[in-house]
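Values quoted throughout were computed directly from the atomic coordinates according to the rules given, and no laboratory measurement underlies them. Every value quoted in this text rests on a predicted model; they were computed, and no experiment measured them. Glycine gets a Cβ as well: all are built from the backbone with ideal geometry, and neighbour counts include every protein chain shown.
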Amino acid sequence: MGKKQTRRRGKVLEDAILRATWQLLNQVGYNVLTIQAVAKIAGTNKNAIYRRWADKARLVVSALAKFGPKPDIQIPDTGNLRTDLGQFFEQAVDYLTYLTSDQLAGLWVDRLRDISVAKMMYRLDAIDNNYIRKSVTQILHQAEKRGELTGQSFSDRVLNLPALLVINAAITAQGKLTQAAMAEIIDDILMPVFSKHEYHRP
């Protein structure tokens, strides 16, 4: 008789599950992917997956965090807050387009259905280390040092706003963000929120 196969546990099993999830996500997309199919490829059962991830959305977010593309974006420091925001989001468009691509269609809808908007933005940390929030926070700090902002204290809700707005716009536009849409988000929403003084659209 051959040796009995060692049962995988802990990180070894989790890695196998995430690898299978990533494989299926690229093959069939989020909407078609099932926990049962992941379990089959990973050589485990659905219960082992559900003990670690409560639903498909959380499982896919974890797979994205481990295997998905990472943003490689320079934080601009042009001397002007509005220009910095514009240049940052211009660089981020490709990454945001990936996060809202057909491959991931349905993921954000499931996350919004399951948790509050505020918590959703924190959960984005699992995908991109909350990249948008951290980058915008740095841009705001630069503006404060230049004297464009005068010591405003922004709440978590405000700091989460840029990512929420841009991802929502990308979803609505089916992943195709236009310069006009980005300008509207920056000029009509973000600049008035971030600026202590009245902001006039250029």
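Numerical summary
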| item | result |
| --- | --- |
| Computed over segment 10-67, Cα set: Rg, Dmax in Å | 9.7, 27 |
| Segment Tyr98-Gln179, length gained on full extension (0.36 nm per residue, minus Cα span) | 27.5 nm |
| Rounded to whole Hz, the Karplus (6.51, -1.76, 1.60) HN-Hα couplings of segment 153-162, x for glycine and proline | 9, 8, 6, 4, 4, 6, 5, 7, 4, x |
| Subset of Lys46/Lys70; Lys11/Lys46; Lys40/Lys70 violating a 22 Å alpha-carbon distance limit | Lys46/Lys70; Lys40/Lys70 |
| Those residues of segment 32-74 whose amide nitrogen sits under 19 Å from the label point placed on Val109, 7 Å along Cα→Cβ | 32-35, 55-61 |
| Loop-located trypsin sites (Lys or Arg not before Pro) in segment 25-83, at most 11 other Cβ atoms within 10 Å (DSSP) | Arg51 |
| Contour minus Cα-Cα distance for His141 and Asp77 (0.36 nm per residue) | 22.0 nm |
